[in-house]
Amino acid sequence: MIVAERKTIPEMVEILKRHKKILVLGCGTCVTVCLAGGEREVSIIASALRIASKVQGLGFEVSELTIERQCDNIFIEQAAEAIEKCDAVLSTACGAGVQAIAERYPQKPVYAGLNTAFLGILEERGVWTEKCAACGDCVLDKYGGVCPITRCAKHMLNGPCGGSREDHCEIRPDRPCAWQLIYKRLKDIGQIERLETIVEPKDWSSSLSGGPRVIIREDHRV
Amino acid sequence: MGKYEPKIIAFCCHYCAYSAADLAGSSRLQYPANVRIVRTPCTGRLEIDYYMKAFENGMDGVLVAGCEEGSCHFKDGNLLAKRRVNSIRTVLAEAGIEMERLRMVNVSAAGARPLVDYIKEFVETVSNLGPIKTKETVKNTTTGAGK
């Protein structure tokens, strides 16, 4: 899922201060699961903005709504009335959701209330970790299902780097060394010999380095 | 100008603090009338929204009184509440409200005296902080209006 984090209330106030009628628009998908921008968080953000408005005399009129998915036109329909009524939208969706709303309502200021962080999973309660860099050319098959692009601080395709300490990364000592995990995993599944093959440099043109990406499926187009 | 009389809401757990408040009454232990007690099945039941809405709707302080650590009727509801209170204090501070206005305490069902002391102490703290400082209250204080 997409993992995001709330911006601070002063940051939101700074973004919104030129407007009066504000709609805090939540998203019921990824950001709900990562507890950053779902119905519950929208309610907290809206309350905090109302309090901040009272304290600083900003005159905000804050309304709130959460739709199922902001990155999909069909679901955006449900917010049409609320968006029409407000001066500005503070979207608590990921960057894709914010832009989908902005594209659908070209005359309406739409702002991001979250910082979209990464593609990850819930590792334990309250801890989300990055697992995928969306590089567009998946190499997981070579590494026993552990991604060295995302989880090795040096993105090494032919590791390890030799700097790990006690199985942990030397750059982020709180995170496990990805290459330690790769070695263990390949050994566990009986594919340790894969490490004898030198992996060629990766073609990064399918990643963000190659410019904005698009996928066109002719079989689905109308 | 007299001492500010704050409006305070106290969320008290049914299994401890609410009984302690009841016992305080039976024992003729007085606590300030600024506090409105709301009984809750467990402090872990209190969503963050409850605290936010309390402040949004004009409360000057919110007290959360749960069981002593390790003796929650639902095992760890009070610990959940503790974490929530800590996190919401940060949000309140970001919104411009002093974090001292939200406090969690732990008392047992027999702790009438500690509860009364906590309440008195909290009322004193919030009273000293005065009303939540908004543009209007600051204006009233400086112009002398609203005294």
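The values are calculated or read from the model by the stated rules, or taken from the named source; none is laboratory data. Predicted model, so just to flag it, every value in this text is computed and none were measured. For neighbour counting, all protein chains shown are included, and Cβ atoms are generated from backbone atoms with ideal geometry for every residue, glycine included.
Kindly indicate whether B:ASN106 is of a type outside the set (Lys, Arg) and surrounded by 15 or more Cβ atoms within 10 Å (Cβ to Cβ).
In short, yes.
Just one of (1) within 14 Å of another protein chain (Cβ to nearest Cβ); (2) assigned to a helix (DSSP H, G or I) trips up B:GLU100, so point out which.
So B:GLU100 meets the others, but not (1).
Scan the range B:19-37 residue by residue and report those that are surrounded by 14 or more Cβ atoms within 10 Å (Cβ to Cβ) and touching a residue at least 12 places away in the same chain (Cβ under 8 Å).
Across the range B:19-37, the qualifying residues are B:SER19, B:ALA20, B:ALA21, B:LEU23, B:ALA24, B:LEU29, B:TYR31, B:PRO32, B:ASN34, B:VAL35, B:ILE37.
Residue check: is A:SER91 loosely packed, with under 15 Cβ neighbours inside 10 Å, modelled with pLDDT of 95 or more and of a type outside the set (D, E, K, R)?
Against the criterion (loosely packed, with under 15 Cβ neighbours inside 10 Å, modelled with pLDDT of 95 or more and of a type outside the set (D, E, K, R)), A:SER91 does not qualify.
Output the residue which, of all residues in the range B:38-48 that are crowded, with 17+ Cβ neighbours inside 10 Å and closer than 24 Å to B:GLY96 by Cβ, is modelled with the highest pLDDT.
B:LEU46
Looking only at residues that are crowded, with 21+ Cβ neighbours inside 10 Å and farther than 11 Å from A:GLU64 by Cα in the range A:30-48, which one is nearest to the other protein chains (Cβ to nearest Cβ)?
Top of the filtered list is A:ALA48.
Residue by residue through the range A:1-29, note down the ones that are buried (at least 22 other Cβ atoms within 10 Å of the Cβ), within 13 Å of another protein chain (Cβ to nearest Cβ) and not hydrophobic (A, V, I, L, M, F, W, C).
Selection gives nothing.
Name the residue that is farthest from B:PHE122 (Cα to Cα), counting only residues in the range B:23-53 that are within 14 Å of another protein chain (Cβ to nearest Cβ) and in a loop (DSSP other than H, G, I, E, B).
Selected residue: B:GLU47.
Return the residue satisfying two criteria in turn: it lies in the range A:148-203 and is among the basic types (Lys, Arg) and assigned to a loop (DSSP other than H, G, I, E, B), and of such residues it is surrounded by the fewest Cβ atoms within 10 Å (Cβ to Cβ).
A:ARG172
Filter the range A:49-81 for residues that are farther than 18 Å from B:ALA54 by Cβ and either of a type in the set (S, T, N, Q) or within 14 Å of chain B (Cβ to nearest Cβ) (or both) and give the result.
Hits for the range A:49-81 are A:GLN56, A:GLY57, A:LEU58, A:GLY59, A:PHE60, A:GLU61, A:SER63, A:THR66, A:GLN70, A:ASN73, A:GLN78.
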